[in-house]
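**Q** Input: one structure, supplied below.
Bear in mind these aren't lab numbers, they're just calculated from the coordinates by the rules spelled out. The shown structure was predicted, so the numbers you read here are calculated from the model rather than taken from an experiment. Cβ atoms come from the backbone with ideal geometry, glycine included; neighbour counts cover every protein chain shown.
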Amino acid sequence: GLPERVEIYEVGPRDGLQNEKGTVPVEVKAEFIHRLHGAGLTTVEATSFVHPKWVPQLADAEQLMPLLRDLPDGLRLPVLVPNERGRERAAAHACRDIAVFASATESFAKANLNRTLDESLAMFEPVVSRAKADGQRVRGYVSMCFGDPWEGPVPLAQVVRVCRALLAQGCDELSLGDTIGVATPGHVTALLSALNEAGVPTERLSVHFHDTYGQALANTLAALQHGVTTVDASAGGLGGCPYAKSATGNLATEDLVWMLTGLGIETGVDLGRLTATSAWMADKLGRPSPSRTVRALTGP
Ligand code: HMG
Ligand code: MG
């Protein structure tokens with residue numbers, strides 16, 4: 001069966017904007033997050049405390065956080081943190097939710113974190129344990145859960161190993177990333193079954209689909225049928241690296257809300273306000289939203 005309610009974990013300001021060619025002014029980012037909250041989203045990943053040279057688009061994290069202080073406590077604003085330096089930067093802004101980000105493959109661990117897979121897990125260990133000691137909530141991302149641009153299809157056992165390692169470190173929730181959008185529903189079901197068999201509780205899993213091959217909604221439905229109730233999505237389908245054709249934007253939040261509403265599944269999101277927000281953001285970015293739902297609802 002399908003769940004009655006789905007928690008949408010909005011990643012537009014982080015995963016979306018980190019991949020934009022141009023840098024969005026910090027005031028626009030702050031307004032974007034306020035508008036997402038106004039549209040009913042209750043978790044909005046705000047930014048990353050990573051090395052500014054690695055992700056210049058999010059180098060303004062220190063300037064952004066003070067502009068979000070007026071938002072209510074009920075809104076969760078997770079931030080990405082790769083290491084102790086990042087955790088300290090986030091702690092200086094009283095972040096209550098952080099996310100570490102691992103990879104299921106060696107190639108992406110190297111490309112994204114300049115570490116082997118085991119070195120990157122060792123880097124997260126003190127981050128997660130200190131964050132937990134400080135009462136923070138910790139999400140653990142696992143990238144390249146389905147396919148990897150260098151290694152091809154990713155064996156299920158590799159994903160299971162990394163998921164178990166992150167849970168053992170103390171992560172509260174895991175997000176299964178299809179970073180390059182190659183997954184198909186049968187693969188999603190196979191991975192979720194393998195994780196179940198390995199003792200990973202489904203209620204602690206979220207799914208994170210990029211829509212490169214147009215499979216993100218179908219994959220999401222497969223995950224919901226398997227008992228997943230948290231879904232990552234990006235307002236307007238923001239994202240897509242101009243330098244890597246293998247990575248486009250995330251599943252658009254509007255497309256997700258349209259499907260869930262049709263299925264009678266509650267999200268708490270006001271689709272009209274969300275669409276207006278994405279149309280506003282598309283205008284700021286100077287290009288139309290790739291979301292089919294945004295286009296259908298705002299098009300000429
Ligand atoms: P490194 O070059 O190995 O860093 O990068 P290092 O540990 O050797 O340190 C070098 C210098 O960087 C030092 O400064 C550190 O202080 C500084 P120095 O002593 O030379 O002056 N430094 C930092 N400065 C600010 N903030 C920090 C920080 N850490 C070190 N946090 C590092 C290693 C992890 C830092 C780097 O690889 C990095 O920042 N990577 C981030 C990459 C990233 O953000 N990728 C995108 C997010 S992942 C994603 O999008 C996938 C996801 O959406 C799921 C999916 O779709 O699959 C989540
Ligand atoms: Mg992503």
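**Q** Any residue at all in the range 90-101 that is over 24 Å from residue 194 (Cα atoms) and near ligand 1 (Cβ under 10 Å from one of its atoms)?
**A** Narrowing the range 90-101 to residues over 24 Å from residue 194 (Cα atoms): 90-98.
Filter once more, keeping what is near ligand 1 (Cβ under 10 Å from one of its atoms): 90.
Yes, some residue in the range 90-101 is over 24 Å from residue 194 (Cα atoms) and near ligand 1 (Cβ under 10 Å from one of its atoms).
**Q** Hey, another quick one. Residues 237, 170: which one is in contact (Cβ under 8 Å) with a residue 12 or more places away in the chain, away from ligand 1 (no atom under 11 Å from the Cβ) and surrounded by fewer than 21 Cβ atoms within 10 Å (Cβ to Cβ)?
**A** Numbers: 237 fails: surrounded by fewer than 21 Cβ atoms within 10 Å (Cβ to Cβ).
Of 237, 170, the one residue that is in contact (Cβ under 8 Å) with a residue 12 or more places away in the chain, away from ligand 1 (no atom under 11 Å from the Cβ) and surrounded by fewer than 21 Cβ atoms within 10 Å (Cβ to Cβ) is 170.
**Q** How many residues does the range 15-48 contain that are touching a residue at least 40 places away in the same chain (Cβ under 8 Å), touching a strand residue (DSSP E or B) at 6+ places or on another chain (Cβ under 6 Å) and within 11 Å of ligand 1 (Cβ to nearest atom)?
**A** Counting residues in the range 15-48 that are touching a residue at least 40 places away in the same chain (Cβ under 8 Å), touching a strand residue (DSSP E or B) at 6+ places or on another chain (Cβ under 6 Å) and within 11 Å of ligand 1 (Cβ to nearest atom) gives 3.
**Q** If I ask for residues that are over 21 Å from residue 233 (Cβ atoms) and either surrounded by fewer than 24 Cβ atoms within 10 Å (Cβ to Cβ) or out of contact with any Lys or Arg (no Cβ under 9 Å at 6 or more places or on another chain) (or both), which ones from the range 131-149 would you list?
**A** Within the range 131-149, the subset over 21 Å from residue 233 (Cβ atoms) is 131-136, 148-149.
The answer is 132, 133, 134, 135, 136, 148, 149.
**Q** Can you name the number of the only condition in (1) more than 15 Å from residue 15 (Cα to Cα); (2) in a helix (DSSP H, G or I); (3) in contact with a strand residue (DSSP E or B) (Cβ under 7 Å, 6 or more places away or on another chain) that residue 269 fails?
**A** Condition (2) is where residue 269 drops out.
**Q** Same structure again: Does residue 152 satisfy the criteria of being more than 26 Å from residue 277 (Cα to Cα), touching a Pro at 6+ places or on another chain (Cβ under 9 Å) and surrounded by fewer than 17 Cβ atoms within 10 Å (Cβ to Cβ)?
**A** No, not satisfied.
**Q** Just checking, how many residues over the range 6-48 are among the acidic types (Asp, Glu), within 12 Å of ligand 2 (Cβ to nearest atom) and in a loop (DSSP other than H, G, I, E, B)? Can you show your working first?
**A** Looking only at the range 6-48, we keep the residues that are among the acidic types (Asp, Glu), and these are 7, 10, 15, 20, 27, 31, 45.
Now restrict to residues that are within 12 Å of ligand 2 (Cβ to nearest atom): 15, 45.
Of the ones still in play, those that are also in a loop (DSSP other than H, G, I, E, B) are 45.
Residues meeting the conditions: 1.
**Q** Go through the range 99-144 and report how many residues are within 20 Å of residue 205 (Cβ to Cβ), β-branched (Val, Ile, Thr) and more than 16 Å from ligand 2 (Cβ to nearest atom).
**A** 2
**Q** Right, next: As an exercise: evaluate residue 104 against (1) more than 19 Å from residue 250 (Cβ to Cβ); (2) of a type outside the set (S, T, N, Q); (3) touching a helix residue (DSSP H, G or I) at 6+ places or on another chain (Cβ under 7 Å); (4) within 11 Å of ligand 1 (Cβ to nearest atom) and give the number of the one condition it does not meet.
**A** (1)
**Q** Separate question: Go over the candidates 183, 235, 252, 222 one by one and state the one that is within 15 Å of ligand 2 (Cβ to nearest atom), under 19 Å from the mean Cα position of the chain (by Cα) and over 22 Å from residue 33 (Cα atoms). If you could, list the steps in order and put the result at the bottom.
**A** Numbers: 235 fails: over 22 Å from residue 33 (Cα atoms); 252 fails: over 22 Å from residue 33 (Cα atoms); 222 fails: within 15 Å of ligand 2 (Cβ to nearest atom).
When all the criteria are applied, what remains is 183.
**Q** Could you list, in sequence order, all residues of the range 145-164 that are among the small types (Gly, Ala, Ser) and away from ligand 2 (no atom under 15 Å from the Cβ)?
**A** Of the residues in the range 145-164, the ones among the small types (Gly, Ala, Ser) are 147, 152, 157.
Of everything in the range 145-164, those that are among the small types (Gly, Ala, Ser) and away from ligand 2 (no atom under 15 Å from the Cβ) turn out to be 152, 157.
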